C-alpha cells in the first residue's frame, strides 16, 4: 500500500498562485530604491558609511559617537512620480506599515553609543520582515552624533485565492484570503473555506510577530473539517539578531482526522488518527556575535498517536461509500 495521500489545504501554500499573479504586475513598474545620502556626510572624511552585513568592525573612535536623531521613512510600493493609474491605485489601497512597527526592530535608540554592528543587525532584521520590500539604514554624522535615516518600502500583502477543479471523478472548490500586514501592524491573518472531495473545511491562521509589543511571537491555526479537526499553536521568542540573549518556544499540535491509504490509485483502507504533540525548547548563544557564535538548545518533545479502523460515521464524514473500500 502507498502512503496516505490525504490532501490538506494550508492557507500559507494557497497564496502562492495569487502572489505570482500580483508580483508579475509589479515587475512592469519601475523599481528604483535609491538611498538618500546627506552631502555633508560625504564631504566629511570621518563620516561612517551606510551599514551592511559586511561592514568592518568599528574602532574605538567610532564607538565614541552617540546616536542622534532617527528618522523613519515609509515608502509606497511604487514610489515614482509619474505612475500609471493602476500603480497609483495600488499605493492608495495599501495601508502603510506603521512607523512604530519599524522602530521596534531597531537595536539602537537615540542617546545610545554608536555601534555599526547593531546598525547592520537592525538593517538585517528589517529586511527579514515579509511585509517590507526593501530596507536601508543610512548614518549621517552631525558633530559628535550620528543621525539615521531608516527607509523601508512596503510590499503588497493582500492575496485572495479561488480554486475550482474537477476531473477523474473528484471535485474541489476553495476560496480564501491572506493578509500579511493587517492594518499596517505586521500581523498575518489567513482564512480558507473549501470543499475537497466531500470534505468541507474552514481553516484560519493568526500570526503575531510581536505579541502585545513584546519580543514574543504567537501563531495560532485551527482547521475545522467535516471529518475532524486540527489545531496548532506556537508561542515563543525567536532569534531576530545575533545579539539576542536567548530564545524559547512552546509548540502544540492536536488533531482528530480520517486518513486514507491507496493502492494502485484506489482507496484501500480508511482509518481515523488522533494525535497529540507538545514540544518546548530553550536556546542560549555563546561567543562573540561579531566573530563566532554558537547556540545550544535543550528541550522536550512528547507525541502520542492513536489509530483505529473507520466506522460508518467516518465514511459519512468524508462522503465515501464503505462498499468501495476493501479495508484489507
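Read the figures in this text as sums done on the coordinates, not as results from a lab. The shown structure was predicted, so the numbers you read here are calculated from the model rather than taken from an experiment. Note: ideal-geometry Cβ built from the backbone for every residue, glycine included; neighbour counts use all protein chains shown.
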How many angstrom separate the Cα center of region 257-318 from the Cα center of region 76-120? 38
Going from the fewest other Cβ atoms within 10 Å to the most, one would list 114, 246 as 246, 114
Fully extended contour minus Cα-Cα distance, from residue 231 to residue 98, at 0.36 nm per residue: 44.8 nm
With a Förster distance of 25 angstrom and the Cβ-Cβ distance between residue 185 and residue 110, calculated FRET efficiency to the nearest 0.05 equals 0.60
Region 82-190 - Debye-derived log10 I(q)/I(0), Cα point model, q = 0.11, 0.15, 0.18, 0.23 Å⁻¹: -0.52, -0.78, -0.95, -1.21
Binned at 5 Å from zero, the C-alpha pair distances of region 183-327 give percents of 2, 8, 13, 14, 14, 13, 10, 9, 7, 6, 3, 1, 0, 0
